[in-house]
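Here's a structure for you.
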C-alpha cells in the first residue's frame, strides 16, 4: 500500500497538523518509505494468533470508588495559554 | 573539584558517609562542571542550581540527624520527559513551551524520597522520538567521545542522549532515562555507559510524558553496573497511580553483583547476526561469549525466528500509540498556542508550529495506520506479530535459557548531521534493530560497555532477561564489566 498527495493531506487534516504544499509533497516520499519498510509484516503467517493487548498478563486493578483528589482548579489551569476564572478560553465554537 | 565528579554513586555514597565532603560540596562540584561543559555538550536544557543546592543542604541536614536514604546527597540529572514540579518539563518539544507541571512524576519522587539531589533537566529527542538526539527543539547533544585522530562531533545516540552524554562526561553522578525502542540502551552503548530498561511495569509511568504507552519504560543510565543497580532500586516501585505498574516487591539489585554464573545458561540468537554488521561487533560478541563461558556459564545457540519483524511492527505500534497520546497537545490546556481563524485552525497551526519534523512524521504514520480501512492490515497485523515475537522469547526461556547475549547496536556512534541518515528515516530506525525486540516483548534489557572499536569508540553488549529478573542481568553484566573494564572519554570539551 502506498499514499498519494491527497491521502497525505487527508491524514494531516485528521491529525490536525497544518501542512504546506511543499511539506505534503515531501511527506509522500517519506511515508511511502516507511510504509514500504513495514510492508514485510504481511508475509508473516498470523492465522490463529491473538493480537497482543498487554505484554504482561494482568487483570486491570480496581480501586475504591471514592474521591482521592481534587480542589486544584488553579493548578489545572496554571499552564494554560489563556484562562478566565479557572476556565480554559478557546476561540468561539458555537455561533 | 574534578576529583569529586569522578566518583561513582557507590564511591560518593561511602565518602559522604565517612564525612569526607558534604552533599553541598559534591553538588557544587557538579554545578561548576556543568557550567564549564554544557555550552559545548548541550546535555542539559535546564540547570537548576538554586534547587540543587537547597536539596543538597536539606540532605546534609538529614544526614546530620541520622536519616540517610539510599541515594542520600547524590546529584542526578533528570531526562526532560519526567514531570518535575514547577520545573521545566517539555519533552524537548516546542509545543510544551513554558510548561512547569504542578506535580512530580513517581520515578523522580522516589529518587527525592531516597535523598537524591536534582541538578537539572536533560536534553533528549523530541518526545523521545529519535536515535541520535538530533530531533530536540533545543539542538543536538554532543557525545563526549571522539574517534581517534578525528575532530568530528559525534551523536550520543537517542532518545536519552542528554542522559548518556551527561553521565559519560561526569556532568551528573547518574541520570534517569526512558526506553521505548532502545532509547536507554543505544545511547548507553554509544557513550560507554551502562543503561538498563527494566521489565514493562517495573517503574511507574505516572508523570512521565507518554510516547507509546505499551512500550515506554523508565530506567537509569549510570557509569557502571553497580550504580545502575543502585539507581533502579530507587526508581522502581509499585504505584497505585499507574495500573500497569506491577505489584511485586523491588529486590536489592546490588546484592546480585558478584554472584557466580555457574549453572547459568546464556542463549546466543542467530538472528542477531545481521547483514552488513561490522566485523568488530561480531568480534566483541564472541569476546562476550568467551567471558561468560570463563565465568562458568553454559552457552547455547538459540533461534528467535520473528526478530526481523520486530522493527517493522514497532513502526506501526509506536506511531499509532503516539498519534493518540500526542492528540492532547492542542494549544488549549498547556504549552504553545498559535491563534487561528477558528478552533480547528488554531489546533492545526499550533501543532504545525509546535511539533518537529520527526514527531509529525510519526503522528502521520500513526494516524494513517489507525484510519478507517487500514486498521486490520497494519495495526492488528502488527499486534499479532508482536504476540509471535514475545512467544519466541517464551519458548527459549521455557527451554532453560536464563539470559540472552546480543550486540547492543549495529555500529558505534556516528557523526552529527549524517547525510545518509537524514535522507532516509528508515536507516535511522535501523539503529534500534537489536533493542526494539525487548520493548515489543516487555522484557528487561541491559547495555554494558564491552570494548572499543578500531576508531577508539565504545561498543556495548546487550543482555536480555526473563520478566522481572533484572537481578540476573545485573549479575551477568557485572561479569562482563569486570572482564572488559570501564571506559571514560578523554576530556576535550
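Given the criteria touching a strand residue (DSSP E or B) at 6+ places or on another chain (Cβ under 9 Å), within 25 Å of residue B:471 (Cβ to Cβ) and crowded, with 20+ Cβ neighbours inside 10 Å, does residue B:288 qualify?
For residue B:288, the condition - touching a strand residue (DSSP E or B) at 6+ places or on another chain (Cβ under 9 Å), within 25 Å of residue B:471 (Cβ to Cβ) and crowded, with 20+ Cβ neighbours inside 10 Å - is met.
Continuing with this model, one more query. Kindly indicate whether any position in the stretch B:405-412 is modelled with pLDDT under 95, away from chain A (no Cβ under 11 Å) and on the phi > 0 side of the Ramachandran plot.
Checked against the condition, which is being modelled with pLDDT under 95, away from chain A (no Cβ under 11 Å) and on the phi > 0 side of the Ramachandran plot, the stretch B:405-412 yields no hits at all.
Using beta carbons and a limit of 6 Å, which pairs, at least six apart or on different chains, have the first residue in the stretch B:26-38 and free of Cβ contacts under 8 Å to residues at least 24 places away in the same chain and the second one in a helix (DSSP H, G or I) and buried (at least 20 other Cβ atoms within 10 Å of the Cβ)?
Partner pairs satisfying both residue conditions: none exist.
Now for a separate question. Could you list, in sequence order, all residues of the stretch B:43-97 that are surrounded by fewer than 21 Cβ atoms within 10 Å (Cβ to Cβ), outside any helix (DSSP H, G or I) and out of contact with any strand residue (DSSP E or B) (no Cβ under 8 Å at 6 or more places or on another chain)?
B:65, B:66, B:67, B:68, B:69, B:70, B:72, B:85, B:86, B:97
Regarding the stretch B:361-383, can at least one residue be identified that is touching a helix residue (DSSP H, G or I) at 6+ places or on another chain (Cβ under 8 Å), surrounded by fewer than 24 Cβ atoms within 10 Å (Cβ to Cβ) and within 30 Å of residue B:471 (Cα to Cα)?
Yes, the conditions are met somewhere in the stretch B:361-383.
Can we say residue A:34 is within 7 Å of another protein chain (Cβ to nearest Cβ), free of Cβ contacts under 8 Å to residues at least 24 places away in the same chain, surrounded by 11 or more Cβ atoms within 10 Å (Cβ to Cβ) and assigned to a helix (DSSP H, G or I)?
yes
Let me confirm something: among A:51, A:91, which residue is without any contact (Cβ under 8 Å) to a residue 40 or more places away in the chain, within 7 Å of chain B (Cβ to nearest Cβ) and farther than 22 Å from residue B:316 by Cβ?
A:91
Of A:45, A:71, A:22, which residue is assigned to a loop (DSSP other than H, G, I, E, B), more than 30 Å from residue B:307 (Cβ to Cβ) and more than 7 Å from every other protein chain (Cβ to nearest Cβ)?
Answer to the check: A:71.
Another question about this same structure. When you check residue B:446 against the structure, is it assigned to a strand (DSSP E or B) and buried (at least 19 other Cβ atoms within 10 Å of the Cβ), yes or no?
Yes.
Pull up the stretch B:449-465, narrow it to residues that are out of contact with any helix residue (DSSP H, G or I) (no Cβ under 7 Å at 6 or more places or on another chain) and surrounded by fewer than 24 Cβ atoms within 10 Å (Cβ to Cβ), then point me to the one that is nearest to the other protein chains (Cβ to nearest Cβ).
Restricting to residues being out of contact with any helix residue (DSSP H, G or I) (no Cβ under 7 Å at 6 or more places or on another chain) and surrounded by fewer than 24 Cβ atoms within 10 Å (Cβ to Cβ), the top hit is B:455.
Evaluate the stretch A:46-60: report whether one residue or more is in contact with a helix residue (DSSP H, G or I) (Cβ under 9 Å, 6 or more places away or on another chain), closer than 30 Å to residue B:371 by Cβ, surrounded by 16 or more Cβ atoms within 10 Å (Cβ to Cβ) and at pLDDT 95 or above.
yes
Pull up the stretch B:163-200, narrow it to residues that are assigned to a helix (DSSP H, G or I) and under 10 Å from the mean Cα position of the chain (by Cα), then point me to the one that is surrounded by the most Cβ atoms within 10 Å (Cβ to Cβ).
B:163
Could you please find all residues in the stretch B:88-102 being over 21 Å from residue B:360 (Cα atoms) and either over 21 Å from the mean Cα position of the chain (by Cα) or free of Cβ contacts under 8 Å to residues at least 40 places away in the same chain (or both)?
The answer is B:100, B:101, B:102.
Could you say whether any residue in the stretch B:411-428 is in a strand (DSSP E or B) and surrounded by 19 or more Cβ atoms within 10 Å (Cβ to Cβ)?
no
Against the definition (over 19 Å from residue B:435 (Cα atoms) and more than 14 Å from chain A (Cβ to nearest Cβ)), how does residue B:261 come out, yes or no?
yes
For the stretch B:435-443, check the following and say yes or no: at least one residue is at pLDDT 95 or above, farther than 22 Å from residue B:289 by Cα and part of a loop (DSSP other than H, G, I, E, B).
Scanning the stretch B:435-443 turns up at least one residue that is at pLDDT 95 or above, farther than 22 Å from residue B:289 by Cα and part of a loop (DSSP other than H, G, I, E, B).
Test residue A:78 against the stated conditions and say whether it is at the interface with chain B (Cβ under 7 Å from one of its Cβ atoms) and at pLDDT 95 or above.
So residue A:78 passes the test.
Every residue in the stretch B:14-30 that is assigned to a helix (DSSP H, G or I) and surrounded by fewer than 21 Cβ atoms within 10 Å (Cβ to Cβ), please.
B:14, B:15, B:17, B:24, B:25, B:28, B:29
Can you tell me which residue is nearest to residue A:69 (Cα to Cα) among those in the stretch B:92-107 that are within 14 Å of chain A (Cβ to nearest Cβ) and in contact with a helix residue (DSSP H, G or I) (Cβ under 7 Å, 6 or more places away or on another chain)?
B:102
Next question, about the same structure. Those residues that are closer than 16 Å to residue B:348 by Cα and either at pLDDT below 95 or more than 9 Å from chain B (Cβ to nearest Cβ) (or both), I need them from the stretch A:1-19; list them, please.
A:9
Another question, if that's okay. Scan (1) over 10 Å from the mean Cα position of the chain (by Cα); (2) part of a strand (DSSP E or B) for the single condition residue B:203 breaks and write down its number.
The failed condition is (2).
Is the stretch B:186-201 home to any residue that is out of contact with any strand residue (DSSP E or B) (no Cβ under 6 Å at 6 or more places or on another chain), within 14 Å of another protein chain (Cβ to nearest Cβ) and within 29 Å of residue B:132 (Cα to Cα)?
Scanning the stretch B:186-201, I find at least one residue that is out of contact with any strand residue (DSSP E or B) (no Cβ under 6 Å at 6 or more places or on another chain), within 14 Å of another protein chain (Cβ to nearest Cβ) and within 29 Å of residue B:132 (Cα to Cα), so the answer is yes.
I've got another one for you. Just checking, how many residues over the stretch B:206-244 are more than 11 Å from the chain's Cα centre (by Cα) and in a strand (DSSP E or B)?
Going through the stretch B:206-244 one residue at a time, the tally reaches 1.
Among (1) touching a residue at least 40 places away in the same chain (Cβ under 8 Å); (2) touching a helix residue (DSSP H, G or I) at 6+ places or on another chain (Cβ under 9 Å); (3) under 15 Å from residue B:415 (Cβ atoms), which single condition is residue B:178 missing?
The failed condition is (3).
Scanning for something touching a residue at least 24 places away in the same chain (Cβ under 8 Å), more than 26 Å from residue B:382 (Cβ to Cβ), in contact with a strand residue (DSSP E or B) (Cβ under 6 Å, 6 or more places away or on another chain) and part of a helix (DSSP H, G or I), does the stretch B:450-472 turn up at least one residue?
yes
The values are calculated or read from the model by the stated rules, or taken from the named source; none is laboratory data. Note that this is a predicted model, so its numbers are computed, not measured. All Cβ positions, glycine included, derive from the backbone under ideal geometry; neighbour counts span all protein chains shown.
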